[in-house]
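Undergrad: Following this message is one structure expressed as structure tokens.
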Amino acid sequence: MTEKIITGNQAVAQGVRLSRAQVVSAYPITPQTTVMETLAEMWAGGEFGGDFVAVESEYSALGYCVGAAYAGARAFTATSSHGLAYMHELIHWAAGARLPIVMSNANRAIGAPWCIESDQTDSLSQRDTGWLQLYCSSVQEILDSIIMAFRLAETARLPVMVNYDGFYLSHTYEAAAIPEQKEVDLFLPSPPDRPAIDLDAPENRHGLVGSEAMHRLLSVRYQATEAVLAIYEEIYREFALRFGRRWPAVEYAGPPGAQTVLVTAGGMAQTVKSFLSGPGRGEALLRIRLFRPFPADGIRKVLGAPHVARVVVIDRNVSMGVGGIFAQEVKAALQGLPKGPQVSELNVSGGLDLSPDLLARALEAQRPEGEKINWAVNLL
Amino acid sequence: MVNTNGLVEIRLHGRGGQGVVFAGTAIAEAAHREGKYVQSFGIYGAERRGAPVTAFVRVGDRPEMPRCQIQRPDIVVAFDAKLPREQVLKGLKPGGLLLLNCASEKDAWSFCNGRSFEVWRLDASGIAARHGLGSVGIPIINTVMLGALVRVSGVATLDSLLAVLKEKIPRNTGQNLMAAEAGFAEVRELECYAAAL
């Protein structure tokens, strides 16, 4: 193990190298570009042994990974925002075909207008494609998540998207422990090296089916996705034993009897955590790391406790006509509790900076009559 | 220069092409070598030479640090006294510290008129030019500023900084190391009597 000061994007590349991905294909986009630049440097320097395939668009990048994964290769792509949106058709396909592809996504706002600030609406608008989704809060967590994602993808036979805030994490330098290859090999065994096409047993996969077969496949995939909650639990515990770092599906930090709990995902959790460790605060933080499948039971257990009176969900994303997307999922998870907490929303979509001052103001501010969302712009 | 919760927050202001983000990372690495927790990042729109760039550095005793821009810095570093003054000085804590690259003491004084913080000045452009860094008229000053910054902030020693620079700078390494040492040696606190000049 060596400790290095690296960015979130470099952490992705380190994770891909250590996972011995066999095929990497991507197209540059801000703020993801340095993921591919770092992998290209590693490839040129002989550190990364997989195929590095430059393509002309994100659609082709994921298409290449789909082909590679069909042939049994461990495949990876990286993107952000408009690039992710451009992949959309194949994002569905990869999940339907049960291909264990791993993709990293640096969360960035989607136009119009053009904007490169951090916003989670890009990946959250792929919510219903069937990909498993993780949201990271530190550079170390990004590196570890890539390695865990391959293990998770190959165990569940489902693709995994590893998300992290553009700039706030993609371009932030901080210390990260880079594990030794042999340690990673024990956690994530090398993929089998087999020929792409078996000429003696040719196959045609995923041709046309009727409604009953389609319905059956969807129900089977639903069960496989639900089973991920237990698989994830096992994988994160094994990872913690081997590497000493714990990345549970939901993370609770703060006093055990806190009456107010702030809920968020991604890098903002660290701002909240640091804010709450200051003098005179009594609130707690609940960070949602696993978004699909949604760990509703884990969240109910924390937020449904009798002492929790108030929940504030901080969303850096928005679903027009509904509100923050994590907030909606949290409210659904709390549905049916006899005496659930009051849930309010703080929205910082568009990449607004969540500062300790803004947090303090948001916690004190009374919501304007008739408004269900506290828009951060009104607190600046 | 440490605030109550053991965290020092530094904001660097410069222009695209001056190596501001590199400087933020180098100071963070130097502090990390001494066992401190660090975080460093920059903000910029589309990357353009000459456009204002801001970088943020946090150095602390504990891993918990906010992950947001620094709006109330303990230390501000200005690579250029022609940067928008209000933006550069915004939120600088009373009792905080400004490190300014400025050839004239008089200009430095007018830049931070009405101050409630310490001001340290050096002619980083002159020092860089003397060490042959950058091209004629466009000196590259980031290593000079780094030398001065370790001295005034105390977040890392000069030795740690020089070790980091040796590792990270592949070309003109010798000149850059000497320039950092010169920045360390030549930075001076702006004295009150300068106002009378």
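Undergrad: Evaluate the range B:64-75: report whether one residue or more is assigned to a loop (DSSP other than H, G, I, E, B) and modelled with pLDDT under 90.
TA: For the range B:64-75, residues assigned to a loop (DSSP other than H, G, I, E, B) and modelled with pLDDT under 90: present.
Undergrad: Additional query: Of all the residues that make up the range A:278-300, how many are out of contact with any strand residue (DSSP E or B) (no Cβ under 9 Å at 6 or more places or on another chain) and either under 12 Å from residue A:334 (Cβ atoms) or among the small types (Gly, Ala, Ser) (or both)?
TA: 5
Undergrad: Could you give me the residue pairs with C-beta distances under 8 Å whose first residue belongs to the range B:100-116 and is more than 15 Å from residue B:87 (Cα to Cα), whose second residue is acidic (Asp, Glu) wherever it lies, and which are 6+ apart or on separate chains?
TA: B:101/B:80; B:101/B:123; B:102/B:123; B:103/B:123
Undergrad: Has the range B:36-54 got at least one residue that is at pLDDT 95 or above, part of a loop (DSSP other than H, G, I, E, B) and within 30 Å of residue A:118 (Cα to Cα)?
TA: Yes, the range B:36-54 contains at least one residue that is at pLDDT 95 or above, part of a loop (DSSP other than H, G, I, E, B) and within 30 Å of residue A:118 (Cα to Cα).
Undergrad: If you take the residues in the range A:58-100 that are of a type in the set (Phe, Trp, Tyr) and surrounded by fewer than 22 Cβ atoms within 10 Å (Cβ to Cβ), which one is modelled with the lowest pLDDT?
TA: The residue in question is A:70.
Undergrad: Starting from the range A:257-280, take each residue that is within 14 Å of chain B (Cβ to nearest Cβ) and more than 20 Å from residue A:168 (Cα to Cα) and list its partners that are at pLDDT below 95 and surrounded by fewer than 24 Cβ atoms within 10 Å (Cβ to Cβ), counting only C-beta distances under 6 angstrom and pairs at least six apart or across chains.
TA: So the pair list comes out as A:277/B:64.
Undergrad: Report the residue count in the range A:111-139 for those that are part of a loop (DSSP other than H, G, I, E, B) and more than 26 Å from residue A:69 (Cβ to Cβ).
TA: Selection size over the range A:111-139: 11.
Results for (1) among the hydroxyl-bearing types (Ser, Thr, Tyr); (2) in a loop (DSSP other than H, G, I, E, B), shown as yes or no for each residue.
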| position | (1), (2) |
| --- | --- |
| B:87 | no, no |
| B:92 | no, yes |
| B:99 | no, no |
| B:110 | yes, no |
| B:116 | yes, yes |
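Undergrad: Also, quick follow-up: Could you tell me which numbered condition residue B:81 fails, if it satisfies all but one of (1) modelled with pLDDT under 95; (2) within 12 Å of chain A (Cβ to nearest Cβ); (3) in contact with a helix residue (DSSP H, G or I) (Cβ under 7 Å, 6 or more places away or on another chain)?
TA: (2)
Undergrad: Residues to consider are B:91, B:19; find the one that is over 17 Å from residue A:139 (Cβ atoms), within 10 Å of another protein chain (Cβ to nearest Cβ) and out of contact with any Gly (no Cβ under 9 Å at 6 or more places or on another chain).
TA: One residue alone meets the criteria, B:91.
Undergrad: Can you give me the number of residues within the range B:108-128 that are of a type in the set (A, V, I, L, M, F, W, C), in contact with a Pro (Cβ under 8 Å, 6 or more places away or on another chain) and modelled with pLDDT under 95?
TA: Number satisfying all stated conditions: 1.
Undergrad: Something else now. Which ranges mark the helices (runs of 4 or more DSSP H) fully within the range A:250-365 that have 1 or more residues being touching an Asp or Glu at 6+ places or on another chain (Cβ under 6 Å) and either within 21 Å of residue A:379 (Cα to Cα) or modelled with pLDDT under 95 (or both)?
TA: Filter on the range A:250-365 gives A:268-276, A:325-334.
Undergrad: Of the residues A:23, A:35, A:55, which is at pLDDT 95 or above, surrounded by fewer than 22 Cβ atoms within 10 Å (Cβ to Cβ) and touching a Ser or Thr at 6+ places or on another chain (Cβ under 7 Å)?
TA: Just a single option satisfies the conditions, and that option is A:55.
Table: residues versus (1) within 21 Å of residue A:255 (Cβ to Cβ); (2) crowded, with 20+ Cβ neighbours inside 10 Å; (3) out of contact with any Cys (no Cβ under 9 Å at 6 or more places or on another chain).
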residue: A:284; (1), (2), (3): yes, yes, yes
residue: A:287; (1), (2), (3): yes, yes, yes
residue: A:292; (1), (2), (3): no, yes, yes
residue: A:305; (1), (2), (3): yes, no, yes
residue: A:311; (1), (2), (3): yes, yes, yes
residue: A:314; (1), (2), (3): yes, yes, yes
residue: A:324; (1), (2), (3): no, yes, yes
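Undergrad: Restricting to the range A:345-372, name every residue that is away from chain B (no Cβ under 14 Å) and over 22 Å from residue A:127 (Cβ atoms).
TA: A:363, A:364, A:365, A:366, A:367, A:368, A:369, A:370, A:371 - these are the residues of the range A:345-372 that are away from chain B (no Cβ under 14 Å) and over 22 Å from residue A:127 (Cβ atoms).
Undergrad: Any idea which of B:139, B:170 is within 28 Å of residue B:35 (Cβ to Cβ) and at pLDDT below 95?
TA: B:170
Undergrad: Looking at (1) surrounded by 17 or more Cβ atoms within 10 Å (Cβ to Cβ); (2) in contact with a Ser or Thr (Cβ under 9 Å, 6 or more places away or on another chain), can you tell me which one residue B:103 breaks?
TA: (1)
Undergrad: So which of A:188, A:158 is surrounded by fewer than 24 Cβ atoms within 10 Å (Cβ to Cβ) and more than 14 Å from residue A:2 (Cα to Cα)?
TA: A:188
Rundown of residues vs (1) β-branched (Val, Ile, Thr); (2) in contact with a Pro (Cβ under 7 Å, 6 or more places away or on another chain); (3) more than 14 Å from chain B (Cβ to nearest Cβ); (4) assigned to a loop (DSSP other than H, G, I, E, B), yes/no style:
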position: A:141; (1), (2), (3), (4): no, no, no, no
position: A:164; (1), (2), (3), (4): no, no, no, no
position: A:190; (1), (2), (3), (4): no, no, yes, yes
position: A:208; (1), (2), (3), (4): no, no, yes, yes
position: A:222; (1), (2), (3), (4): no, no, yes, no
position: A:229; (1), (2), (3), (4): no, yes, yes, no
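Undergrad: Further question: Taking the range A:1-19 as the search range and keeping residues that are more than 14 Å from chain B (Cβ to nearest Cβ) and of a type outside the set (Ser, Thr, Tyr), which one is nearest to residue A:170 (Cα to Cα)?
TA: Here the residue is A:12.
Undergrad: Something else about it: Could you list all residues from the range A:231-249 that are assigned to a loop (DSSP other than H, G, I, E, B) and either within 14 Å of another protein chain (Cβ to nearest Cβ) or surrounded by fewer than 17 Cβ atoms within 10 Å (Cβ to Cβ) (or both)?
TA: Across the range A:231-249, the qualifying residues are A:244, A:245, A:246, A:248.
Undergrad: Confirm whether residue B:9 is assigned to a strand (DSSP E or B), touching a Lys or Arg at 6+ places or on another chain (Cβ under 8 Å), within 14 Å of chain A (Cβ to nearest Cβ) and among the acidic types (Asp, Glu).
TA: Yes; evaluated as a whole, the condition is true for this residue.
Undergrad: Inspect all residues belonging to the range B:55-74 and state whether any of them is surrounded by fewer than 21 Cβ atoms within 10 Å (Cβ to Cβ), away from chain A (no Cβ under 13 Å) and in contact (Cβ under 8 Å) with a residue 12 or more places away in the chain.
TA: Checked against the condition, which is being surrounded by fewer than 21 Cβ atoms within 10 Å (Cβ to Cβ), away from chain A (no Cβ under 13 Å) and in contact (Cβ under 8 Å) with a residue 12 or more places away in the chain, the range B:55-74 yields no hits at all.
Undergrad: Next question, about the same structure. Working only within the range A:29-46, note down all residues that are free of Cβ contacts under 8 Å to residues at least 40 places away in the same chain and polar (S, T, N, Q).
TA: Within the range A:29-46, A:33, A:38 qualify.
The values are calculated or read from the model by the stated rules, or taken from the named source; none is laboratory data. On a predicted model such as this, the values are computed, not experimentally measured, just so you know. For neighbour counting, all protein chains shown are included, and Cβ atoms are generated from backbone atoms with ideal geometry for every residue, glycine included.
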